[in-house]
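The values are calculated or read from the model by the stated rules, or taken from the named source; none is laboratory data. As the structure is a prediction and not an experimental result, all values here were calculated from the model. Quick reminder, even Gly has a Cβ in these numbers, built from the backbone with ideal geometry, and neighbours come from all protein chains shown.
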Amino acid sequence: MNHIFKLGWRSIWRNRRRTIITLSSMTLGLVLAVFFIAMAEGVYEKMTDDAVRMLGGHITLEHPEYRDAPAVDLTVPEVDRYRKDLEAIPAVESTKVLVLGQGVLKSGGGAVGITLIGVEPATEKLTSPMARKIVAGSYLKDDDTRKVLIGSQLARQLKLGKERDIKRIVSFWQSLFSVFDLPMDDSIAELARLHLAIGKKVVITSTNVDGDLVEELVRVRGIFKMGAPEMDGYLIQVPIDLARKVYGLGKNDVTQLGVVLKSADDQEVVLAAARRLTQGQPVTVLPWEDVLPDLAAYIRIDGGSNIIFQGIILFLIMFTIFNSILMSVLERTREFAVLLAIGTPPKVLRLQVMVETALIGLLGCVLGLGLGSLLAYFFQVNGMDLRGMMPEGSTVSGFAFDLIIYPKLSFEMLAWVGGLVFGAIMILGLYPMRKATRMPLADLLR
Amino acid sequence: MKTIVKMENVSKDYGQGDVVVHALRGVNLEIAKGDFAALAGPSGSGKTTLLNMISGLDKPSAGKVWVDEAEVTAMGRTAKSRLRLNRIGFVFQAYNLIPVLTAYENAEYVLMLQGVAAKERKQKVMDLLKQVGLAGMEKRFPRELSGGQQQRVAIARAIAAEPALVLADEPTANVDSATAAALLDLMVQLNEERQATFLFSTHDQNVMDRSRRLILFKDGRIDQNGTPAELQANK
């Protein structure tokens, strides 16, 4: 066996240039594949993580009829017991409760239809990305009773800052900038508008569970900017007790009990545990894919097209490798004929060609996966800033697409890509291998 | 004396339809064990074809061939391969060494295939290279050797496994006359010392003169067969 490896190793380097070109194309293809797959994984994970932490968690418990006809009176029973049991599962990071409802937010400047989310501020601050996207004011506090968190676009639509005050602030900054001869853009006016909105009064109007019209006067505590018009323009957060009051719910009533996991990889295990906990109860346990079907569908479709794209690149590279191996066999037909003539068993010769193929495949995989991993890891640590290349406010199913991307490398992904490429190379090597021993020996030795 | 090669009514035709070349026409031949025989004749007379039939590199159109009492014409690919590995050594006109292996590794290759132990292999190959006059050149690759030196390595490779039969297709054709004479001396010596049967195809008069048996070929048939002295007497 040793001499076959020696012969194989030396043979692949007898045409150094061809081997280097073959390895380079394989390496380049694998670097691209690893990097783009890791990038997509990173994007999907970030989008999913943000969405589930802001809404119903990786796993959501809700009333069995809620998905078909969302209504605030379809609440989850025995919330405290479920929370306690779920939080005892090691894979669970935290649980959160929500009251989700519809309504209208009114100000002196206008009225806009909204989705209201009643949250526990202390829990939400730890889990939800919304708490980290405050651009004016501050996030809700547990002792807030009549406070609301609104989106930047909603603040603009409700005209919460007086135009006269905005102009005065802009003119002040203009004069200051002109002293230092600095250019000024519209962001000052926008900032002024948002800051002037803090503390302003707005009215939440909705109907409660009894069908009565209710109105609650609240003040703006803070303004968030998620980057998605669908969120910044119509989502509001209030303390959960205020939401219960608006909708006329009981003290412990919630429309969703969300489970946030330490790692999304544990979803299936916790999902099964949650289903066991709620067996026989009027509660349904849903994975986030069922709660956010548009986002899940986007990830499936985009992920699928990404795999097809990478597959095409790798397929083309396979032909380079196939060509290289086949040429290496065809240009050595006389040598193979000599080896067969002096008594080399055909299976040993086939093994030698397979060893050469495997060595090229292994070298290419090690180089490609190694360099691809290094590249992806660099950006996994430092992030890849796409803000200069893509417009801000890009959204997927209403969720903002973060323009600083952190690829996600995983051993499983590397094993899959490496295994697939190496396997395909070995399959492609079967033809040259067969060719090496099916030769007219007498003609070749003439 | 025991027969090492036996051919019975062997024919080989190339081509189809109207254009058929009769490379061999009903050849009957026996080579005795330990012989040092030369096949001579004009180009295209069937010398190389005959060697190919004996080694199983090519199939006869008709007839049967035996090597060391085993019928080559009845063997499959694997059996022929085993026969060549264990019973036949090859020396080619163009040396045909493996370019990525050193002189030592080329000579060692067949022993490796036979599964000979490393220590025994090393002893054998070093002795052989010394015997063929290549001591100190073990680590040289074929490109670093002259034509004559490469043919010496090829001879060492051919006899390393101590085959019963060495087939040599014009082994002196690509070297100068002094080198050819030295190679011939070497092969005569190996024939005498190791009792290996040598069967050459050749145009070289020196080879014919040194052979103990001369088989003259003409148009795919054996024209004359005997010792050089006998053939000389028949002229």
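Miscellaneous remarks
- Check on residue B:15, at positive phi and either touching a residue at least 60 places away in the same chain (Cβ under 8 Å) or β-branched (Val, Ile, Thr) (or both): no
- Restricting the stretch B:109-127 to residues that are in contact (Cβ under 8 Å) with a residue 40 or more places away in the chain and touching a Ser or Thr at 6+ places or on another chain (Cβ under 9 Å), the residue that is nearest to residue A:4 (Cα to Cα): B:109
- Comparison of B:154, B:168, B:158, B:135 shows that the only residue that is within 14 Å of chain A (Cβ to nearest Cβ), outside any helix (DSSP H, G or I), among the small types (Gly, Ala, Ser) and at negative phi is B:168.
Condition check ((1) touching a Pro at 6+ places or on another chain (Cβ under 9 Å); (2) farther than 30 Å from residue A:279 by Cα) across all residues:
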| residue | (1), (2) |
| --- | --- |
| A:17 | no, yes |
| A:23 | no, yes |
| A:33 | no, yes |
| A:40 | yes, yes |
| A:80 | no, no |
| A:85 | no, no |
| A:94 | no, no |
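- Listing of strands (runs of 3 or more DSSP E) fully contained in the stretch A:127-218 that carry 2 or more residues being of a type in the set (Gly, Ala, Ser): A:134-137
- Verdict on residue B:187 being under 22 Å from residue B:48 (Cβ atoms) and not in a loop (DSSP other than H, G, I, E, B): yes
- Scan of the stretch B:51-75 for residues that are charged (D, E, K, R) and more than 16 Å from the chain's Cα centre (by Cα), ordered by number: B:59, B:64, B:69, B:71
- In the set (1) crowded, with 19+ Cβ neighbours inside 10 Å; (2) part of a helix (DSSP H, G or I); (3) of a type outside the set (A, V, I, L, M, F, W, C), the condition left unmet by residue B:192 is number (1).
- Among the residues of the stretch B:171-184, those identified as surrounded by fewer than 23 Cβ atoms within 10 Å (Cβ to Cβ) and either free of Cβ contacts under 8 Å to residues at least 60 places away in the same chain or in a helix (DSSP H, G or I) (or both) are B:175, B:176, B:177, B:178, B:179, B:180, B:181, B:182, B:184.
- Scanning the stretch A:4-28 for residues that are touching a residue at least 12 places away in the same chain (Cβ under 8 Å), hydrophobic (A, V, I, L, M, F, W, C) and closer than 15 Å to residue A:328 by Cβ turns up A:7, A:9, A:12, A:21, A:23, A:26.
- Which numbered condition residue B:63 fails, given (1) at pLDDT 90 or above; (2) within 13 Å of chain A (Cβ to nearest Cβ); (3) not in a helix (DSSP H, G or I): (2)
- Among (1) within 14 Å of chain B (Cβ to nearest Cβ); (2) over 22 Å from residue A:361 (Cα atoms), the one test that residue A:8 misses: (2)
- One residue stands out among those in the stretch B:73-117 that are in a loop (DSSP other than H, G, I, E, B) and small (Gly, Ala, Ser): the one that is farthest from the other protein chains (Cβ to nearest Cβ), which is B:117.
- Residue count for the stretch B:139-159 under the criterion of being crowded, with 18+ Cβ neighbours inside 10 Å and not β-branched (Val, Ile, Thr): the result is 11.
- Residue match in the stretch A:370-384 (condition: within 14 Å of another protein chain (Cβ to nearest Cβ) and either touching a residue at least 60 places away in the same chain (Cβ under 8 Å) or more than 20 Å from residue A:31 (Cα to Cα) (or both)): no
- Verdict on residue A:442 being more than 29 Å from residue A:316 (Cβ to Cβ), part of a helix (DSSP H, G or I) and modelled with pLDDT under 90: yes
- Qualifying residue in the stretch A:310-329 (condition: touching a residue at least 24 places away in the same chain (Cβ under 8 Å) and more than 21 Å from residue A:363 (Cβ to Cβ)): no
- Residue A:159 surrounded by 15 or more Cβ atoms within 10 Å (Cβ to Cβ), more than 30 Å from residue A:47 (Cα to Cα) and touching a strand residue (DSSP E or B) at 6+ places or on another chain (Cβ under 9 Å): yes
- Leading residue by the ranking (surrounded by the most Cβ atoms within 10 Å (Cβ to Cβ)) among those in the stretch A:305-324 that are closer than 21 Å to residue A:11 by Cβ and touching a Leu at 6+ places or on another chain (Cβ under 7 Å): A:321
- Answer from B:94, B:107, B:135 - the residue that is among the small types (Gly, Ala, Ser) and over 25 Å from residue A:333 (Cβ atoms): B:135
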